[in-house]
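Reading through the structure tokens given below for one structure.
What follows draws every value from the coordinates through simple rules; no lab data is involved. Keep in mind it's a predicted model, so treat the numbers as computed, not measured. All Cβ positions, glycine included, derive from the backbone under ideal geometry; neighbour counts span all protein chains shown.
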DNA sequence: CCAAAAGTGTTTCACGTACACCCATGC
DNA sequence: GCATGGGTGTACGTGAAACACTTTTGG
């Protein structure tokens, strides 16, 4: 490893897969490109990494600039570096995925002029570059993460019903779960605290709302506790 | 996302954590730097990504140039991009980890002039840059991977005893396992085939040697089989 | 014959899974 | 009063964990 300045360099970008949850299920946020290549096509929000910012910071900045969503959870996913993934020239991209509380946002949130839109997983349009591959990888990672870490709560409002929680797991894991077993398991971890609030605006018995006790989770983790659904 | 050539770019490198297993346990391969910064200190093998090679290709090339080891398994780990991780200038590195069959190599393998040396996990010297952090991340990832995928066989010779396999798991996972339960579980997966060879050169009853049936594993995976130790 | 590791079964307990009914509420 | 989902307990089976002794071989 000699002097770095002697080598021609790939361009370096970050791209983000933003997941949100609403009544229709799990959604991804895409933006419409306004410049070539792939002008007019949908793509993941992202952009170039600046010299004075870390990769995480670049991801957060791009998300804030392009979508204005408030990020609950952000994790680096994988770095994609196929030689021809950008037709212009060599571009390596560090992909991230993010979770947001979709319920608290306007359905389409975009701070700058670009169109941003939520698409249900499984009904995404054709996307630019190798972004399809990134989307797939992100979803796979989310599935694994959700089972092993309590990140699901970052997709839900601060207070939620057990039904909401169960539906989240069902949608992301792609299979049905038994109501009684699910409640037994989740409540058995002793990480949810009952609030005295209840669901409102439903045409049936209102469900009790719970909140996730982050502090308690962190304490348990130090004692070797392992979250798993 | 406008024209990439308008932005100043970070330098981009790959660094590899190479794991091998011998009688002393799990080892990591480090090389001694011969140029500043950190000249004389130990570091992970790695180097700059060229414009005409993918990230994986760059990792393989660097490993071959700097260490000459034959790679059994290679996986991208994480991309490290703190602003000041290289004192010279902004350098982002894509870290990989690799598994090699150490028994079949000379204890120190280096094809070019640089010193390369194996160090036991837990007795590594001070390393340059943020390589300590990368090492830690690699070990953590290896632990998880080993439990969920049959990558352990990439650290063992093609024919191995159950004891060797068990010791591998004990060393990497950092805890003792019950011999009978271990054998029951492993043999129960029906992925090891008995060979008619036995251990040699031991001062006690010689153990039977097994080999891992990759084909069968792949077939089972398609049917939803899930490896777990 | 002694040291050292190979090889082998059973019992116990925890946890996952399957499964059905009454209750509260809004309309 | 009816439709809709909220909320609850039990029985069964599978799989993990604990546990000790006999066999083989080399020196």
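Can you give the direction-averaged projected area of the convex hull of the alpha-carbon atoms in segment B:1-111, in nm²? Walk me through the intermediate numbers first.
On the way: hull surface 33.3 nm².
Result: a mean projected hull area of 8.3 nm².
For residue A:56, go 7 angstrom from Cα along the Cα-to-Cβ vector, then report the distances to that same point in the other copies in nm, smallest first.
Here the equivalent label points are 2.9 nm apart from this one.
Can you report the principal axis dimensions of chain A using only the alpha carbons, biggest first, rounded to whole angstrom?
Largest first, chain A extends 64, 41, 29 Å along its Cα principal axes.
Roughly what angle does helix A:131-148 make with the longest principal axis of chain A, taking Cα atoms, 0 to 90 degrees, to the nearest 10?
30 degrees
Alpha carbon centre of segment B:150-188 versus segment B:47-63: separation in Å?
33 Å
Against the longest principal axis of chain A, how steep is helix A:55-66, in degrees 0 to 90 to the nearest 10, with axes from Cα atoms?
Its long axis makes an angle of about 80 degrees.
If the viscosity is 0.692 mPa s and the temperature 37 °C, what translational diffusion coefficient in µm²/s does Stokes-Einstein give for segment A:159-222 when Rh comes from Kirkwood over Cα pairs? Working shown, then result.
Numbers: Rh = 12.9 Å.
In µm²/s, the coefficient rounds to 255.
What are the distances, in nm and sorted shortest first, from the label point of residue A:72 to the label points of the same position in each other copy, with each label point placed 7 Å from Cα along the Cα-to-Cβ direction?
Nearest first, the other copies' label points are 4.2 nm away.
Semi-axes of the equivalent ellipsoid for the protein assembly as shown, please: Cα gyration tensor eigenvalues, times 5, square-rooted, ordered largest first, whole Å. Present the calculation step by step, with values, prior to reporting the outcome.
On the way: eigenvalues 318, 219, 73 Å².
Over the Cα atoms of the protein assembly as shown, the ellipsoid semi-axes are 40, 33, 19 Å.
Mind listing the label-point distances from residue B:83 to the same position on all other copies, shortest first, one decimal in nm, points 7 Å along Cα→Cβ?
So the label point of residue B:83 gives 3.5 nm to the other copies.
For segment A:77-194, just the Cα set please: Rg and Dmax, both in angstrom.
Just the Cα atoms of segment A:77-194 yield Rg and Dmax of 17.5, 54 Å.
Taking beta carbons within 10 Å but only from partner chains, what does the mean come to for residues A:85-93?
Taking the mean over all residues of the peptide, I get 3.
Spin-label point model (7 Å from Cα, Cβ direction): what's the residue A:185 to residue B:133 distance in nm?
Going from the residue A:185 label point to the residue B:133 one covers 3.5 nm.
Once every DSSP H run of n ≥ 4 in chain B is given -39500 (n - 2.57) and the sum is divided by its residues, what mean residue ellipticity at 222 nm do you get, rounded to the nearest 500 deg cm²/dmol? Could you put the intermediate results ahead of the total?
Details: 5 runs with 61 residues, N = 229.
My calculation for chain B gives -8500 deg cm²/dmol from helical runs alone.
Rank the residues B:51, A:168, A:177 as a footprinting-exposure proxy: fewest other Cβ atoms within 10 Å of their Cβ go first. Mind dumping the intermediate values first?
Working: B:51 12, A:168 19, A:177 15.
Least to most surrounded, the residues fall as B:51, A:177, A:168.
Angle, helix B:162-173 long axis vs. longest principal axis of chain B, Cα atoms, 0 to 90°, nearest 10?
Taking the Cα atoms of chain B, the angle to B:162-173 is about 40 degrees.
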